[in-house]
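The values are calculated or read from the model by the stated rules, or taken from the named source; none is laboratory data. Nothing here was measured: the structure is a model prediction, and the numbers come from that model. Don't worry about glycine lacking a Cβ; one is built from the backbone with ideal geometry, like all the others, and counts go over all protein chains shown. Surface accessibility is based on the protein's heavy atoms, side chains included, excluding ligands, DNA and RNA. Shrake-Rupley method; radii C 1.70, N 1.55, O 1.52, S 1.80 Å.
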Amino acid sequence: MKLSKHVLLLISAGALLCPSASAYYHFLRYLTRTAPFTPVPSKWDLNTLPNKTLSYYLSEQGPTAIAPNDSLSSILSEIRLAARIWNDVDTSDLRVAFGGIAPAGSAQKGPGIDVVFSDDIPPGLIALGGTSSVGAITAATATTSAFVPINRSLVMLRRNLSDQPSFSEAFFLTVVHEFGHALGLQHSLSSSVMSTQITRAASKASPLGADDIAGISLLYPARNFLSLTGTITGRVTLGGSGVGMAAVVAIPPSGPAVNTLTNPDGAYRIDGIPQGQYFVYVQPLPSPLDGEASPANIVAPVGPDGQPFPFPSAFDAQFFPGTRDPNQAAPIAVTPGISVDNVNFQMQPRSAITVSSVQAYGFIGQVTIKPPVLNRNLGGGAVVAYGNGLLTSSGAIIPGLNVIPIGGSVSLNGSPRPYPYAPSYVQMDLLLNSFTTEGAHHLVFSTPNDMYVLPSAFQVTVKPPPSITSVTPGVDAAGSRVVALTATNIDQNTRFLFDGYPAAIRSFDAQAGRVVVSPPPAVPGQTAAVVALTTDGQSSLYVQGNNPASYTYDAGDTPALSIAPAALPAGSEAMVEITGTNLNLIDGLAHLGFGASDITVRRVWVAGPNRLLADIGISGAASPATTTVSLANGLETLSLPAGFTVQPPIAGKLLVLPQAINPVTGSPLLTAGAPAMIFTLNLPAGITPAGITLTLNDLPIAVSAVSNGQVSFQIPASIASGPAILRLRTSTDAAQPVVFHIEHPPPAILSILDQGTPVDAAHPVNRGDTLSVLTSGLVANAYTGIVPLSGVTLNVGGVDHTPIQILPSAALRGAYEVVFTLNSNVLSGAQLITVTQDGRSASPASLPVR
């Protein structure tokens with residue numbers, strides 16, 4: 001595949017080839033070369049994606065060399081985990097899914113991301129990523145802005161991964177970063193995951209920053225994203241003229257930054273800023289480093305003539321309102337749904353950029369940590385920095401260099417000095433106090449005539465990183481394999497990854513530091529790295545480095561799988577059944593793919609340890625071909641080469657479409673005992689209900705009505721929730737069987753508590769209160785036992801809320817406490833509150849608001 005150099009972005013294994021730039025600076029075009037400028041981003045067209053889901057396809061040609069104790073299964077599991085990071089952004093409407101293993105040389109005609117291992121990556125680089133094909137501009141409508149549709153994207157990984165263990169922070173974050181490019185994001189000056197290694201402050205435990213979330217959510221907004229976040233706008237000028245591609249950053253006293261780049265006329269708009277107090281500064285893009293084609297490897301926006309806009313000349317950085325001293329910067333209050341305007345900057349020119357591309361490191365024992373982590377309870381620690389303009393050519397500190405922590409709760413102990421173990425680095429000793437907040441903190445590197453801001457220069461915690469001290473296999477009472485982990489500095493919210501998949505926690509003993517987990521399925525005999533991740537962003541890799549704890553799976557028979565039917569005509573909508581031996585399928589972990597964008601897997605159901613049902617659709621334009629059937633289950637990726645054939649289409653073939661509704665409510669949720677309506681194609685003209693034979697899970701169903709291909713019937717009350725196989729035939733044809741999902745009953749609100757006090761008319765709540773809604777009927781993930789936050793919303797008086805936590809109730813078995821903070825936009829008085837999970841809504845309850 002030939003790729004344009006303008007859309008591929010590079011990430012290096014070495015720090016000097018890892019520039020930073022602006023993340024939610026998307027790949028842009030402008031429709032004019034004069035103001036006013038309306039940015040036109042490149043993005044995926046959700047209307048062309050089935051269920052707004054973009055599939056990625058893994059090449060069957062894997063790496064040629066891997067790190068010691070690594071495996072192809074481990075590498076693929078980390079790639080799938082990286083893709084899930086973007087899939088799980090609940091303020092983005094774009095979903096990202098496993099599409100299978102693509103046969104070598106297969107032609108892909110539809111949308112998708114190709115993930116390949118290649119020798120065509122320059123030395124010193126780990127990966128390339130970006131768009132490989134885009135279409136013509138899609139014009140704006142009454143409800144949507146203009147955009148350039150992405151047709152296909154590519155993530156290329158080096159074939160020789162002998163020096164890149166797949167469990168490592170660097171490998172994982174690189175893959176997350178490259179998927180971000182494939183989705184439409186450029187680099188970042190915010191130190192988020194879309195920054196390269198110069199400023200990246202992401203971790204495996206907390207990979208996405210506020211800037212990453214804003215960037216992807218603005219391309220594919222969902223769930224009233226803009227109403228939940230604030231906006232800052234303004235203009236950057238120099239000598240009265242606008243400055244294009246200046247980095248404008250909103251940075252809190254502590255916490256992640258959000259940034260953008262200015263339009264060619266200097267105007268900017270930072271959307272997606274979480275509520276809080278922010279300082280705003282402007283900084284020029286750093287000068288190109290060796291190997292870079294442009295400042296920070298930014299792809300410059302182009303005009304209607306296809307020509308790029310020029311990068312700006314150098315200028316002085318400054319905080320609003322026009323100061324280089326962060327202590328004199330004016331804080332700006334950001335409120336959800338509100339735009340703070342006229343945050344303007346008048347810049348001064350300079351001959352060259354001196355301080356730039358600064359990166360910071362710390363050390364835990366013999367392990368180098370980036371970003372540094374300082375423990376507040378220890379009073380501080382050392383941070384080591386490297387970058388342009390910090391040292392003279394003789395290795396002395398630049399005269400007048402001052403390092404200023406932002407926020408006032410961190411101070412410098414003494415002056416910056418050359419790091420004694422590596423004199424090209426600068427050491428700073430930082431002091432923390434009891435007012436120093438946990439999370440990201442920022443540093444300003446100031447000289448008498450220059451300033452450089454490094455967001456998230458270091459992280460502050462209140463406890464050391466976790467460390468796994470033992471891994472002991474065992475069995476539970478049912479004879480199933482479990483693993484006991486002992487570890488330090490963990491709590492009940494600690495996650496444990498086995499390579500790229502989290503283990504399900506069975507029990508937790510805080511006093512003993514002991515956790516019993518169910519290991520995710522894997523290839524028999526596979527050795528998986530076991531890594532603990534804590535909610536403060538730390539990892540056991542911070543202590544154990546490239547020697548993590550590990551678990552070797554039991555030896556056993558090789559899994560085998562088959563598919564039926566193994567061939568279907570183009571244009572089909574049908575159920576396929578995967579069966580096999582030694583599959584150990586687990587609901588929520590199993591994913592099916594066909595390695596071809598012409599075949600869509602709409603949903604899968606695990607019907608047993610060796611049986612899976614899937615509802616698939618084949619494009620009517622699909623060419624006859626054979627493809628690989630792929631089953632990802634936990635750490636395991638199984639393939640059936642040439643296992644499925646797309647046949648020529650059959651004209652007039654009877655089809656049951658994948659859509660169904662309750663005709664009374666119009667809801668797509670089907671429940672036992674309720675009416676249902678399905679949609680078909682090519683029913684014989686004039687057919688009556690008596691001419692249709694219908695079964696649901698092999699139960700005969702009476703058809704009550706048929707009109708224009710719509711078939712109505714009553715779902716039996718005895719049908720259990722879960723997959724229901726529907727078969728429909730007439731006297732002349734039979735549709736392929738399809739699967740519909742019978743939903744659980746809707747949730748129910750049992751009570752509402754405010755700090756443990758029951759809420760009623762005599763005890764109303766205040767805006768900003770953190771409330772707990774005791775709810776029954778929520779469905780937990782079958783593997784993890786956790787109710788996913790992403791599937792649950794609350795609505796109070798018409799205002800949507802996102803849960804902070806969903807916890808099992810200690811008082812009522814099977815119920816959950818849905819914890820949220822009441823939005824300031826909720827009106828006073830008795831408001832209706834409801835809880836919704838994946839479209840199933842509880843009956844409203846009353847919530848009295850002061």
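Details
- Take the Kirkwood radius over Cα pairs of region 540-657, plug it into Stokes-Einstein at 37 °C and 0.692 mPa s, and you get 207 µm²/s for translational diffusion.
- Compactness check for region 396-551: Cα Rg over 2.2 N^0.38 Å is 1.41.
- Once the Cα gyration tensor of region 349-407 is diagonalised, semi-axes √(5λ) in Å: 26, 14, 11
- Reach of K52 by Cα under 16 Å, taken over aspartates and glutamates that are not fewer than 8 positions away in the same chain: D88, D90, D93, D598, D838
- Pairwise FRET efficiency - Y421 versus S287, Cβ, R0 = 35 Å, nearest 0.05: 0.80
- If R0 equals 45 Å, the separation of the Cβ atoms of T770 and D554 corresponds to a calculated FRET efficiency of about 0.50.
- Taking amide H as placed 1.01 Å from N in the peptide plane, L54 has its amide H under 5 Å from the amide H of R95, V96, A97, each at least 5 places away in sequence or on another chain.
- Sites counted here are chymotrypsin sites (Phe, Trp or Tyr not before Pro) in a DSSP loop (not H, G, I, E or B) having no more than 12 other Cβ atoms within 10 Å; the longest part of the chain that contains none of them is 1-420.
- The Stokes-Einstein estimate for region 234-314, based on a Kirkwood radius over Cα pairs and taken at 20 °C with 1.002 mPa s viscosity, is a diffusion coefficient of 155 µm²/s.
- Crossing angle, helix 72-87 versus the chain [Cα axis fit, 0-90 degrees, rounded to tens]: 80
- Tensor-based shape of region 293-342 (alpha-carbon gyration tensor, a/c under 1.5 rounded, otherwise prolate or oblate): oblate
- Straight-distance candidates among the aspartates and glutamates for linking to K463, with alpha-carbon spacing under 12 Å and chain neighbours fewer than 8 residues away dropped: E438, D491, D536.
- Rounded Å value of the spacing that divides the Cα centres of region 405-436 and region 136-212: 31
- Percent carbon-and-sulfur accessible area, region 288-333, ignoring ligands, DNA and RNA, probe 1.4 Å: 51
- Debye intensity ratio in log₁₀ form over the Cα atoms of region 488-615, taken at each q of 0.15 Å⁻¹: -0.85
- Extended-chain gain in nm, criterion 0.36 nm per residue less alpha-carbon gap, N47 and R813: 271.6 nm
- Rounded tilt (10° steps) of 169-183 against the dominant C-alpha axis of the chain: 70
- Surface per residue (accessible, 1.4 Å probe) for the chain, Å²: 39
- Sulfur and carbon atoms: percent of accessible area, region 688-760 [1.4 Å]: 53
- Angle in degrees between helix 210-219 and the longest Cα principal axis of the chain, rounded to the nearest 10: 50
- Largest to smallest in accessible area, the residues R159, R514 fall in the order R514, R159 (1.4 Å probe, all protein chains included).
- Separation between Cα centres of region 294-312 and region 745-769, rounded to whole Å: 53
- Calculated FRET value between A396 and D587, using beta carbons and R₀ = 45 Å, to 0.05: 0.10
- Shape class for region 416-456: oblate, because the ratio a/c of the largest to smallest gyration tensor axis (alpha-carbon atoms, square roots of eigenvalues) is 1.5 or more and b/c is at least a/b.
- Once you reduce region 652-684 and region 818-848 to the center of their Cα atoms, the two points are 31 Å from each other.
- Volume per residue for the chain equals 179 cubic angstrom (convex hull of Cα atoms).
- For region 742-824, the direction-averaged projected area of the alpha-carbon convex hull comes to 6.2 nm².
- Global form of region 110-227, assessed from the alpha-carbon gyration tensor, a/c cut-off 1.5: oblate
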